[in-house]
Every structure is written in C-alpha cells, then in structure tokens.
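**Q** The structure follows.
Only the coordinates and a few stated rules stand behind these numbers; no lab work does. In this text the structure is predicted, and so the values were computed from the model without any measurement. Glycine also receives a Cβ, built like all others from the backbone with ideal geometry; neighbour counts cover every protein chain displayed.
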Amino acid sequence: GAAGDENDVVVIGGGPGGYVAAIKAAQLGLKTTCIEKRGSLGGTCLNVGCIPSKALLHSSHMYHEAKHAFPSHGVKFAQLEIDLPAMLAQKDKAVSGLTRGIEGLFKKNKVNYVKGSGKFISPSEVSVDTLDGGNTVVKGKNIIIATGSDVKSLPGITIDEKKIVSSTGALSLSAIPKKLVVIGAGYIGLEMGSVWGRLGSEITVVEFAPDIVPSMDGEVRKQFQRMLEKQKMKFMLKTKVVGVDTSGDGVKLIVEPAAGGEQSTLEADVVLVSAGRIPYTAGLGLETIGVQTDKAGRITVDKHFKTNAPGVYAIGDVIPGPMLAHKAEEDGVACVEFIAGKEGHVDYDMVPGVVYTHPEVASVGKTEEQVKSLGVAYRVGKFPFMANSRAKAIDDADGLVKILAEKETDKILGVHIMSPNAGELIHEAVLALQYGASSEDIARTCHAHPTMSEAVKEAAMATYDKPIHI
Ligand code: FAD
C-alpha cells in the first residue's frame, strides 16, 4: 500500500535488526513498512561490517595459505600475486548480491520499503525525506527504532577514510599500506588488521586497556595473542594515542603509556580507528517524542523492547546488549512477537561471540574469570587441537576447546573455542547452554570422525572425567 496508509508496524532502519523485524512482522500478518536511508538494505552488517569483512578475511586467508601452507601440502606454483581491485570487486559483488536478496525477501513477504531518512513527528508518525528528494509521512500503530550504531572517533582524530580510516575505509583501501596502525584491539581491529597483515602490511595494534578483546576468557586470550604475534602482529597495550600529525606523506601518531609517561611517535601509511561503536540516533527526532536514552546514548527499553514513548520500540545496536548482528536479529523477532501478542525471548547471556581471525575464537556463556567472580565451584575441561586427528590431517591444529561446568551439577557455564572454524563449532555449545545441558551430555553425544567437533566432545569428557586422545 501507499506509505501514507496506516501500518501495524513501521521499522526505522533496514539493518539485521530492522529488516528481520520487518519480515517477521509481515509473516505474522502485520502490515509493515521499513524505512532505510542508506539506499540499500542490510545495514552496517551487510554493507560495511560482517559481510564485506568476512569476504576480505577469506580472500586474504587464501593468499596467506597459498604462500605459507600450500607448499607443505605439496601444492606448488610458479607465481603468486595479489590483484587488489579483483579482491575488492569480489567483496562488493557478495555485498550487492545479498542486499538485493533482502529486497527480494521484502517483496516476497509484502514489506513496504521506503528509501529515505526517517524522523519522528509524533509517536505514531515518521516524516521521511526520501532519497529521490521528496517527503512522505509514514504512520504506524507501532514503530520500531532499529537505527543501529556508527563508528566512534577519538578526541583530536579526524577520520578522512584515506589516511585515517574507520572500519568502512579499511574495507576499501586502494593500495596495501606498508605500515598500518590499528587503534583498538577489539574484534573489528584484529579482523581488519589480519586482512591487511596477510596481504603484506606491517601491523601495530595500539590498545589503551591492558588486554586485547577484554570480553575473552583470559587463558584463551593469552594463547590467541600469541597466535597473532606469530603472524607478526605487534601489540602496544596500555598505550594511549595523544596526537596525530597528517601533514606529511603518511601519518605520525603520538602515543604515551596509558598511565602517563614518555611520549613516542609511531609512523604509519594508514591508521585504522577501531575504538568502538556508538548508538546512532542523529536526526531521528527522539527529543520530539521524549524517548529516553542512557549516558552512552543508547535507547532505554524494557524487556519487551518498549521505550517510554507509547507504541515506540527499539532493538539492535541502538539499545544496550552485545553489539552483534545476530543479537539484533533476535531482538527484532522477539520485539515483533510481543507486538503481535505472542511471547518473545532473547537471553543475552547465550549470545555467541566470534572473532573471525585465523584461528577463529568463539565463545558462549561465562569466562573463567566471570565464573570465579560468581564464587561458583567449577570444573574446567580442555582439549588441544594438536590432539585432534582432523586438525592434524589438514595441518591446521593451533587452538583448543575449553569448557567450564558447575562442579556439583556438571551444568555447562561457558565454552571457549580457538580453532579454524570455531565460529561454526560453537553452536553445539550454544545449544547445550540453551538447554541447560551438562558436559556429560555433550561427551555422550556421538560426534562424527574425523571432525574438529570431536575436540568439543573430548573437552566435555575432560570436564567431568578423562579424555581419550590425550
Ligand atoms: P545497523 O546494521 O547499524 O543498521 C541500522 C540501519 O539504520 C543503517 O542501515 C542506517 O542507514 C539506518 N538508519 C539510521 N538512521 C536512520 C533514519 N533516521 N532513517 C532511516 N534509516 C536510518 N556483527 C556480527 O555479529 N558479526 C560480525 O562478524 C560483525 N562484523 C562487523 C565488522 C565490522 C567492520 C563492523 C563495523 C561491524 C560488525 N558487526 C558484526 C556488528 C554488526 O554490524 C552490528 O551489530 C549490526 O549491524 C547491528 O544491526 P542493527 O540492525 O542494530 O543496526
């Protein structure tokens, strides 16, 4: 129908939170409109996040493997080169194909798609400046804010997306930098650092905190950092960036110890600022309808994703919780189920997190540090991929599985996996956690041989008993 007709649900933002909410709403029989200003669907994740980064991670991994792993597998060739424009084009093709795919899903499910920038004029009306230069008012009984997040800059640093780039610029560099300095050792910085490091850049990661990826289990993190250092990634932890000079050819970054002290200069061709993301609500007119936000600028919601404004909901990166695409999707489905009068449920403690480096690190549930601080008596079961036959067969055996279980009941509290494909392996652990399984439940589940998944089974055995293969 026309955008002026009243909708049951209007979604502002077409990212993984918004587009999934819109499709689900339509599937539940609600008349739905989705407003997106980017000109393409899929949000940060599909356009400048998850998908293009994974495309480049895969391309750069293939090059790295061809260079460093193929010879030992007896695969040799005369010449190996990088065709960067072709690499970037394959990434762009993946993105545009998937974006069009979501448009197709909108058509199939009869979601009305309005291309433009939305702004509240009342809790049930959104004024949209459309991309073709017009304006239209979209009305809805329920409005879901799914406007996501944006890159966070640092004081005194201006992102020009050429010499000083955000993750967006780092996904489209026109040349391989000789020296790349990454500010921030979160997963985005490490992933993009890995991409360019594999293609030949010298990578230095500057991090204010004492640790990389602070949310990671400490023991796994230590091994992970060692792996990255083996790949020649350099780390300057507890280090603060205090100034930047872009007047010359490259960039001079002035740093000092986080606790204060002597300054030093880091030279780089390109600097990637990956110091976190902030909720994005600019121009949305939240003040017009009085929607509350917290100190970090995130929209405050109750457990049904309701804001304080009547009929206005919020989901995804713009509300508190892990800033991840799959979490945004879960929010979207649950929110719409509430609107449709059903029950929806998202448990943020069971959202898996994955760092898509090589090896990957995937985890769900609690870290050992968190379990300790809860004061629960627990057991740890570990199994190294060095003792896993499939990992040895493919000669890619760095990493481990670590399972934490409550001592008295054997109930699984957390699972941490570092391995190639850890992001796929983690899901049996997510399911186990979701169903309140014990480590013995996993250990007594038949796992196919030879697979990397057997390491999960063996770690589970090690949690309450002994593993077989070590
Ligand atoms: P977004 O995806 O940010 O979408 C919000 C959309 O709303 C945007 O398209 C925006 O244009 C639109 N919008 C905003 N305001 C308006 C308005 N007023 N009117 C109309 N439209 C508006 N997460 C993972 O789970 N796995 C990964 O591997 C991963 N990798 C990432 C890599 C990078 C480099 C980055 C930057 C992020 C990555 N993320 C990853 C995070 C992931 O992208 C986000 O968690 C996810 O996109 C959040 O979804 P969302 O729907 O809440 O918001």
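**Q** For residues in region 255-280 being outside any strand (DSSP E or B) and more than 19 Å from Thr168 (Cα to Cα), which is nearest to the ligand (Cβ to nearest atom)?
**A** Residues of region 255-280 that are outside any strand (DSSP E or B), as a first pass: 258-263, 269, 274-276, 280.
Add one more test, that the residue is more than 19 Å from Thr168 (Cα to Cα), and what stays is 258-263.
On the way: Ala258: 24, Ala259: 30, Gly260: 31, Gly261: 32, Glu262: 33, Gln263: 30 Å.
Only one residue tops the list, namely Ala258.
**Q** Being away from the ligand (no atom under 16 Å from the Cβ), charged (D, E, K, R) and in contact (Cβ under 8 Å) with a residue 12 or more places away in the chain narrows it down to one residue among Lys115, Lys110; which is it?
**A** So the residue among Lys115, Lys110 that is away from the ligand (no atom under 16 Å from the Cβ), charged (D, E, K, R) and in contact (Cβ under 8 Å) with a residue 12 or more places away in the chain is Lys110.
**Q** Residues in region 329-336: is at least one outside any strand (DSSP E or B) and without any contact (Cβ under 8 Å) to a residue 12 or more places away in the chain? Break it down into steps so the answer makes sense when it comes.
**A** Filtering region 329-336 for residues outside any strand (DSSP E or B) gives 329-336.
Going one step further and asking which of them are without any contact (Cβ under 8 Å) to a residue 12 or more places away in the chain, we end up with none.
Within region 329-336, not a single residue is outside any strand (DSSP E or B) and without any contact (Cβ under 8 Å) to a residue 12 or more places away in the chain.
So that you can scan it fast, the table gives a plain yes or no per residue for (1) within 30 Å of Asp349 (Cβ to Cβ); (2) within 16 Å of the ligand (Cβ to nearest atom); (3) without any contact (Cβ under 8 Å) to a residue 60 or more places away in the chain; (4) in a strand (DSSP E or B):
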| position | (1), (2), (3), (4) |
| --- | --- |
| Asp132 | no, yes, yes, no |
| Ile144 | yes, yes, no, yes |
| Ser153 | no, yes, no, no |
| Leu190 | yes, yes, no, no |
| Gln225 | yes, no, yes, no |
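**Q** Right, here's the next one. Check Ala259, Ala268, Ala275 and return the single one that is hydrophobic (A, V, I, L, M, F, W, C) and either surrounded by fewer than 20 Cβ atoms within 10 Å (Cβ to Cβ) or touching a helix residue (DSSP H, G or I) at 6+ places or on another chain (Cβ under 6 Å) (or both).
**A** After applying the criteria, what remains is Ala259.
**Q** Consider region 63-100. How many of its residues are surrounded by 13 or more Cβ atoms within 10 Å (Cβ to Cβ), closer than 21 Å to His358 by Cβ and hydrophobic (A, V, I, L, M, F, W, C)?
**A** Of the residues in that region, 8 qualify.
**Q** Restricting to region 127-171, name every residue that is touching a Phe, Trp or Tyr at 6+ places or on another chain (Cβ under 6 Å) and surrounded by 18 or more Cβ atoms within 10 Å (Cβ to Cβ).
**A** Taking region 127-171 and keeping what is touching a Phe, Trp or Tyr at 6+ places or on another chain (Cβ under 6 Å), we get 144, 147-150.
Answer for region 127-171, where residues must be touching a Phe, Trp or Tyr at 6+ places or on another chain (Cβ under 6 Å) and surrounded by 18 or more Cβ atoms within 10 Å (Cβ to Cβ): Ile144, Thr147, Gly148, Ser149.
**Q** From (1) out of contact with any helix residue (DSSP H, G or I) (no Cβ under 7 Å at 6 or more places or on another chain); (2) in a loop (DSSP other than H, G, I, E, B); (3) within 18 Å of Cys50 (Cβ to Cβ), pick out the condition that doesn't hold for Gly169.
**A** The failed condition is (2).
**Q** Check whether at least one residue in region 2-12 is crowded, with 23+ Cβ neighbours inside 10 Å, within 13 Å of Phe106 (Cα to Cα) and within 11 Å of the ligand (Cβ to nearest atom), and report yes or no.
**A** Within region 2-12 (the criterion being crowded, with 23+ Cβ neighbours inside 10 Å, within 13 Å of Phe106 (Cα to Cα) and within 11 Å of the ligand (Cβ to nearest atom)), the answer is yes, since at least one residue qualifies.
**Q** If you scan region 289-316, which residues turn out to be out of contact with any helix residue (DSSP H, G or I) (no Cβ under 6 Å at 6 or more places or on another chain) and surrounded by 15 or more Cβ atoms within 10 Å (Cβ to Cβ)?
**A** Listed by number, the residues that qualify are Ile289, Val291, Thr293, Arg298, Val301, Lys306, Thr307, Gly311, Val312, Ala314.
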